[in-house]
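A.B. asks: Here you go, one structure.
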Amino acid sequence: MKLHAPVAPHGDLASTTQAGRQTFRRGAQLLAAIVSFIEKTFTIVGLEARKIRHDPSDLLMRAIQPALWLLIFGEVFTHIRAIPTGGEGYLDFMTPGILAQSVLFVAIFSGMAIIWERDLGIIHKFLASPTPRAALVLGKALAAAVRGLAQAVIIYILALILDVHMNWNPLALLGVVIMVILGAACFSSFSLVIACLVKTRERFMGIGQVLTMPLFFASNAIYPVAIMPSWLQVIARSNPLSYEVDALRALMLAGGTSTTGIVTDFSVVLVATIVLVLLGARLYPRVVR
C-alpha cells in the first residue's frame, strides 16, 4: 500500500509565496534605509573633516595642553611618588587619562559649531533636507572623533619621547581607535545637547568650561578611584569618562589591566553614546526656535 504526502492547496501555496515576497521586500527596504543612513552620516563627517583640512593649526594648538600635562604634571608626580598607582610608573598610569582628557576637551566644545551654523542659516538647510536628524547628530559626533584620533597620534608620539611603556599589539591599537571614536562621539553628542538647550555662544562657553573640569577630575584619569572619598567614587563610577580611561589604560599600556572589564567599559560608553545621539536628534530642531 503506497502512502502519498498531502499536497498543500493552491491557495495556501500562493499565500505563502506572497508572504515570503513581502518579507523580502521589507528586508530590502530596511537594508536600503540603513545604507542611506550611513551614507548621509558620512557625508556630514566629510563636510566637517574638510574644515579640519582647511585649518590644521587647530589640532596643533590643542596638542599644547596634553603636552603640558605629561611633561610638567606627569614628570613632577612621577618623581615625588605622591599617588599610588599599583606598581606602574605614574607617567604610564597618567598617559591614557590625558588622551581621554584631550578627546573630552576636543569633543565638549564641538557643539559651538551648531550655534555658528544656526547664525549662518546652515541649520535651516539641514532641517529642510531629507537627512534624518540622527544622521546629522551622529555625523557631527564622528567628525569630533576625527579630531580625537589626531590627538591620539600626538599622545602616542609624546609617550614614545617620554619612554612610556606602551602596548603596540595591533588589536590593542584597534581597540584604542574604537574607544577614542566612541568617547569623542559620546561627549560631542553631549555638547550638541547642551547647545540645543542654551542656544547662545556665551552661555554655551560658560557651561562647557564648568562641565569639563568636573568630568575630568571626577574620573580615574589622573588618580585611582580607590583613593577618592566615597561620595566622589559614586560620581566617578557614574562618569562615562572613567570607563573610557579604564579601557584605554588596559589597551595602551604594556601589561595594562581593566578594573571594571573591557566589555563593561565599551558597553557603558556605547550605550551613553546611543542615548545622547537619540536625545540630540530629538532636540536638534530646537536650535532654530
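The values are calculated or read from the model by the stated rules, or taken from the named source; none is laboratory data. Values in this document were obtained by computation on a predicted structure and should not be read as measured data. Note that we place each Cβ from the backbone using ideal geometry, even for glycine, and neighbour counts take in every protein chain shown.
A.B. asks: Would you confirm whether or not segment 116-136 contains a residue that is of a type in the set (D, E, K, R), over 20 Å from ALA281 (Cα atoms) and outside any loop (DSSP other than H, G, I, E, B)? Quick ask: steps written out before the conclusion?
C.D. replies: Initially, segment 116-136 is screened for residues of a type in the set (D, E, K, R), giving 117-119, 125, 133.
Then keep just the ones that are over 20 Å from ALA281 (Cα atoms); that gives none.
The answer is no, given that none of the residues of segment 116-136 is of a type in the set (D, E, K, R), over 20 Å from ALA281 (Cα atoms) and outside any loop (DSSP other than H, G, I, E, B).
A.B. asks: Further, regarding this structure: Only residues that are under 16 Å from the mean Cα position of the chain (by Cα) and touching a residue at least 60 places away in the same chain (Cβ under 8 Å): list them for segment 145-157, please.
C.D. replies: Looking only at segment 145-157, we keep the residues that are under 16 Å from the mean Cα position of the chain (by Cα), and these are 145-152.
Selection gives VAL146, ARG147, ALA150, GLN151.
A.B. asks: Just name the residue that is farthest from THR78 (Cα to Cα) out of those in segment 107-142 that are touching a Gly at 6+ places or on another chain (Cβ under 6 Å) and surrounded by fewer than 24 Cβ atoms within 10 Å (Cβ to Cβ).
C.D. replies: Filtering first and then ranking leaves PHE109.
A.B. asks: Is it the case that ALA100 is on the phi < 0 side of the Ramachandran plot, in contact (Cβ under 8 Å) with a residue 24 or more places away in the chain, surrounded by 21 or more Cβ atoms within 10 Å (Cβ to Cβ) and small (Gly, Ala, Ser)?
C.D. replies: yes
A.B. asks: I'd like the full set of residues that are assigned to a loop (DSSP other than H, G, I, E, B) and modelled with pLDDT of 75 or more, limited to segment 65-83.
C.D. replies: Passing the criteria: only ILE83.
A.B. asks: When you scan segment 232-246, do you find a residue that is assigned to a helix (DSSP H, G or I) and of a type in the set (Gly, Ala, Ser), even just one?
C.D. replies: yes
A.B. asks: May I ask you to say which residue of SER129, SER102, SER110 is within 28 Å of ILE38 (Cα to Cα) and in contact with a Ser or Thr (Cβ under 6 Å, 6 or more places away or on another chain)?
C.D. replies: On the way: SER129 fails: in contact with a Ser or Thr (Cβ under 6 Å, 6 or more places away or on another chain); SER102 fails: in contact with a Ser or Thr (Cβ under 6 Å, 6 or more places away or on another chain).
Of SER129, SER102, SER110, the one residue that is within 28 Å of ILE38 (Cα to Cα) and in contact with a Ser or Thr (Cβ under 6 Å, 6 or more places away or on another chain) is SER110.
A.B. asks: Just a yes or no: is a residue in segment 158-181 in a helix (DSSP H, G or I), at pLDDT 90 or above, within 21 Å of LEU279 (Cβ to Cβ) and within 11 Å of the chain's Cα centre (by Cα)?
C.D. replies: Among the residues of segment 158-181, at least one is in a helix (DSSP H, G or I), at pLDDT 90 or above, within 21 Å of LEU279 (Cβ to Cβ) and within 11 Å of the chain's Cα centre (by Cα), which makes the answer yes.
A.B. asks: For segment 88-115, give me each residue that is part of a helix (DSSP H, G or I), within 17 Å of VAL180 (Cβ to Cβ) and not aliphatic (A, V, I, L, M).
C.D. replies: Within segment 88-115, THR95, PRO96, GLY97, GLN101, SER102, PHE105 qualify.
A.B. asks: When you scan segment 240-254, do you find a residue that is touching an Asp or Glu at 6+ places or on another chain (Cβ under 6 Å), surrounded by fewer than 24 Cβ atoms within 10 Å (Cβ to Cβ) and aliphatic (A, V, I, L, M), even just one?
C.D. replies: Within segment 240-254, one or more residues are touching an Asp or Glu at 6+ places or on another chain (Cβ under 6 Å), surrounded by fewer than 24 Cβ atoms within 10 Å (Cβ to Cβ) and aliphatic (A, V, I, L, M).
A.B. asks: Report yes if some residue within segment 274-284 is assigned to a loop (DSSP other than H, G, I, E, B) and more than 18 Å from the chain's Cα centre (by Cα); otherwise report no. Let's see the steps before the verdict.
C.D. replies: Our first condition is that a residue be assigned to a loop (DSSP other than H, G, I, E, B); within segment 274-284, this holds for none.
No: segment 274-284 contains no residue that is assigned to a loop (DSSP other than H, G, I, E, B) and more than 18 Å from the chain's Cα centre (by Cα).
A.B. asks: Here's a follow-up. Residues that are over 30 Å from LEU142 (Cβ atoms), in a helix (DSSP H, G or I) and at pLDDT 75 or above: does segment 25-39 have at least one? Full working, then the answer.
C.D. replies: We begin by selecting, within segment 25-39, every residue over 30 Å from LEU142 (Cβ atoms); these are 25.
Narrowing further to those that are in a helix (DSSP H, G or I): 25.
Those left that are additionally at pLDDT 75 or above: 25.
Checked against the condition, which is being over 30 Å from LEU142 (Cβ atoms), in a helix (DSSP H, G or I) and at pLDDT 75 or above, segment 25-39 yields at least one hit.
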